[in-house]
Amino acid sequence: MHLTGLELRRVRMPLVAPFRTSFGTEECREILLVRAVSDDTEGWAECVALGDPKYSSEYVDGAQDVLTRFLIPALAEHRNLDATTVGRVLDRFAGHRMAKAALETAVLDAELRLRDQSLSSALGAERESVACGVSVGIMDSVAELLDSVADHLEAGYLRIKLKIQPGWDVEPVRAVRERFGDALLLQVDANTAYHRSDVRHLAELDRYGLLLIEQPLAEEDLLGHAHLVRTLTTPICLDESITSARSAADAIALKACDVINIKPGRVGGYLEARRVHDVCVAHGIPVWCGGMLETGIGRAANVALAALPGFVLPGDTSASNRYYRNDITAPFVLQDGHLKVPTGPGIGVEPLKDALADVTTATFWNPL
Ligand code: OSB
Ligand code: MG
């Protein structure tokens, strides 16, 4: 495929409610979109980097900078581009996986549209819909949290994930269990907020029958997580620590996790995300699809990935209205706790022209 250029587009979208985690509060999503343009078609992707380098070292202005100065110019040397070639060309640059993922995915979307193939079928998906959970932020009070969880269960979500941090962990978990009962699928996510010295405190969560504890310790602390796996009865899930199929294989070999959260942006794209999935399936490690508060563009691709057979737990693939009043694609709507996997070519959705224009703050055209 001959690409004529790549457009970088900045959009700004207010969340329906502030989303608080152990690393900060997100009120408005600053997003970078990539559009790959060829003579015959175009492809879209969403870069999942957040505004600040707190969840990971990447941040949206940094992603835009590395794309503009290094990653896109590197593609200009190549006449004939497909997603696999993009991945190989970008490999010579260290890190910046979220920026690389966006570029590769935009090209992949365009390539699949030319072939008239859906992303879900290209990845080897087997399901027509995916089971959805919801990630519930830290709140000012337990009463407020219980109201929020009740609303999400009313909407049909099949699993609840509570964000936790020191001072907001055992008490909210206990209260949610007490109010909603033992049958509720419940898990927690610490986003690295704890230390090895907190092991005995974390073990207090064992009595609440959680599906898993996500990323309690630092990104680099595989041995600390391995100690937790041996010490706690609750399964340990890694998010931030898993940056590639190789790091997934290492974490599994070190017995540093029982479950893995796969986020395509974090591992450098959907092709690598499938390799992480395959490694996990080969080792009997259950996986689920994480989220980064995506618009419909990123969500469409995540839902396709979540339809692969190894995704045996409900994902953070919530409906559009959990995040945004007006999504930039046709909204993803929850049906019996599930989202439908798009079946059209590529990611299967396109931005709505007016909705996109309303939230766009800048566009940059990079000819190839
Ligand atoms: O750790 O999974 C996380 C959102 C932003 C950054 C990191 C995380 C999250 C979420 C929300 O938990 C997932 C979503 O609903 O998109
Ligand atoms: Mg997480």
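The values are calculated or read from the model by the stated rules, or taken from the named source; none is laboratory data. This one's a predicted model, so the numbers in the text were calculated from it and none came from an experiment. Positions of Cβ are generated from backbone atoms using ideal geometry, with glycine treated the same way; all protein chains shown enter the neighbour counts. Ligands, DNA and RNA are stripped out before the accessible areas are found, and what is left, the full protein with its side chains, is counted by its heavy atoms. Shrake-Rupley method; radii C 1.70, N 1.55, O 1.52, S 1.80 Å.
Below is a table of values for the structure above.
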item	result
Within the chain: Cβ-based charge dipole about Cα centre, in debye rounded to nearest 20 (Lys, Arg +1; Asp, Glu -1)	460
The stretch 209-336, dipole about Cα centre (Lys/Arg Cβ +1, Asp/Glu Cβ -1), debye to the nearest 20	200
Span from the the stretch 279-319 Cα centroid across to the the stretch 1-73 one, whole angstrom	19
Heavy-atom accessible area per residue - the chain, 1.4 Å, Å²	41
Cα gyration tensor category, rounded, prolate or oblate, for the stretch 15-72 with a/c compared to 1.5	oblate
Neighbour-limited loop hits for trypsin sites (Lys or Arg not before Pro), the stretch 299-329 (at most 16 other Cβ within 10 Å; DSSP other than H, G, I, E, B)	Arg325
Check: the stretch 121-340 dipole with +1 on Lys, Arg Cβ and -1 on Asp, Glu Cβ, in debye	420
Candidates Asp61, Asp354, Asp169, ranked by Gaussian network fluctuation over the chain, Cα under 10 Å, top entry	Asp354
Computed [θ] at 222 nm, helices only, for the chain once each DSSP H run of length n ≥ 4 contributes -39500 (n - 2.57)	-10000 deg cm²/dmol
Prolate/oblate/rounded call for the stretch 121-340, Cα gyration tensor, a/c under 1.5 rounded	oblate
Eligible lysines near Lys353 by straight Cα distance, threshold 24 Å, same-chain separation 8 or greater	Lys340
Contact order normalised by residue count of the chain, Cα under 8 Å, 6+ apart, percent	23
Exceeding the 27 Å Cα-Cα cut-off - candidates Lys54/Lys163; Lys163/Lys263; Lys100/Lys255	Lys100/Lys255
